[in-house]
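Here, each number is a calculation from the coordinates, and none is a lab measurement. Predicted, not measured: the structure shown is a model, and the values here were computed from it. So basically every Cβ, Gly included, is an ideal-geometry build from the backbone, and we count neighbours across all protein chains shown.
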Amino acid sequence: MADADKTDGGRRAMTGKAVARAPRDIAHEGFLTHRGGRWAKIAAELCVAALAIYVMTDPTPRHNGGTWLGYTLGSIGAGLIIWLSLLGVRKRVIGSKPFSLKGWTSAHVWLGLSLIVIGTLHSGFQFGWNVHTLTWALMMIVILSGLWGVSLYATVPEKLSANRGEVTQAQMLEAIRTLDRQLGTAAQPLEADDAALVRMSLEETRIAGSPRQRLSGRYADDGNARALAAISERVMATMRAGRPDERLQQIRFLLERKEAALAQARRHIALKAQLELWLYIHVPVTVALLAALVAHILSVFLYW
């Protein structure tokens, strides 16, 4: 009996561990595969159903947004666009019901992709220079920019974490300021020409720079890089002459450390800038899409 109790206890313990692991496994599940790809399947089924009905019907004179199928698909598409645009609101609501944020994001991606089929079939492939085609074009831009956003969020956070390590952005900047103070102190006994190179590093170095520099992470005329190159040449010249200068070597060491710290901070800024750029495109175009959708609907009911 004692052995049986131990066995049952062990089974209960193992079951308890399995139950305890389940939430962690779910937590590590990506939003694209949320609940076994539930929303991907729903989106695929919606697309297949729309395509099947589209192929099996033959309206006169041709498919367009004014047929019963066109109105049906248009209503579904409009409802999806409005609902999907509420993701930003959902992000600000704490809780898991009726949809978790991960589930909502999964639905946002997959149902958003289904709009390519729903919206295009709604139009009946009738495009022209009008508000209806403008609405479709804005929808496609929103969807394509959304795909870009998905790819960014699938890769950039990991790159940010790898680049940052255990250091925060504030600590990166503080490390650069500390090196600047050390450079200022170390430059005091230098000759005027050498001290001018240190001032170049202190006064002509930009961490963020222009939007183009923030995105690319490239700083062609950076003061620290130019100062490091010039000081390195002077260090090599003194060594070739057999008169190594420890003060210049110390300056070069500090400039090299600063260059490494700048590279880390700029990579961090560049990665964050990519995420910000995506939002600056995706969000305004979504607002424009909603405005065009309203105009599209009003024009249909007022003039058709």
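Taking Lys and Arg as +1 and Asp and Glu as -1, the other residues whose beta-carbon sits under 14 Å from that of Lys258 total +1.
Placing +1 on the Cβ of every Lys and Arg and -1 on the Cβ of every Asp and Glu, with nothing else charged, gives the chain a dipole about its Cα centre of roughly 580 debye. Here the 3J(HN,Hα) profile of segment 114-131, calculated from phi with Karplus coefficients 6.51, -1.76 and 1.60 at θ = phi - 60°, is 5, 5, 4, 6, 4, x, 6, 5, 4, 6, x, 6, 9, 10, x, 8, 8, 5 Hz, Gly and Pro shown as x.
Across the options Ala227, Phe253, Ile176, the greatest Cα extent toward the positive end of the charge dipole of segment 169-277 (unit charges at beta carbon of Lys, Arg, Asp, Glu) belongs to Ile176.
Short-range pairs are left out: with C-alpha atoms under 8 Å and at least six residues apart, the relative contact order of the chain is 21 percent. Taking the structure as given and computing P(r) over Cα pairs in 10 Å bins from 0, in percent, which label from (1) 6, 21, 26, 24, 15, 6, 2, 0, 0; (2) 6, 30, 38, 22, 4; (3) 5, 18, 19, 15, 13, 13, 10, 5, 1, 0 fits? Given (1) 6, 21, 26, 24, 15, 6, 2, 0, 0; (2) 6, 30, 38, 22, 4; (3) 5, 18, 19, 15, 13, 13, 10, 5, 1, 0, the structure-derived one carries the label (3).
Summary: within the chain, the longest segment free of GluC sites (Glu not before Pro) located in DSSP loops with at most 15 other C-beta atoms within 10 Å is 30-165.
Within the shell of other residues whose beta carbon sits under 14 angstrom from the beta carbon of Ala196, the net charge comes to -2, with Lys and Arg scored +1 and Asp and Glu -1.
Note that segment 136-141 has calculated 3J(HN,Hα) couplings of 5, 5, 5, 4, 5, 5 Hz, one per residue in order, obtained from phi through the Karplus relation 6.51 cos²θ - 1.76 cosθ + 1.60 (θ = phi - 60°); glycine and proline are x. For the chain, the longest principal axis of the alpha carbon atoms and the long axis of helix 34-56 meet at an angle near 50°.
Residues considered: Ala40, Ala78, Ala237. Largest GNM mean-square fluctuation over the chain, using C-alpha springs under 10 Å, is found at Ala237.
When you restrict to C-alpha pairs under 8 Å that are six or more residues apart and normalise by the size of segment 142-289, the relative contact order lands at 38 percent.
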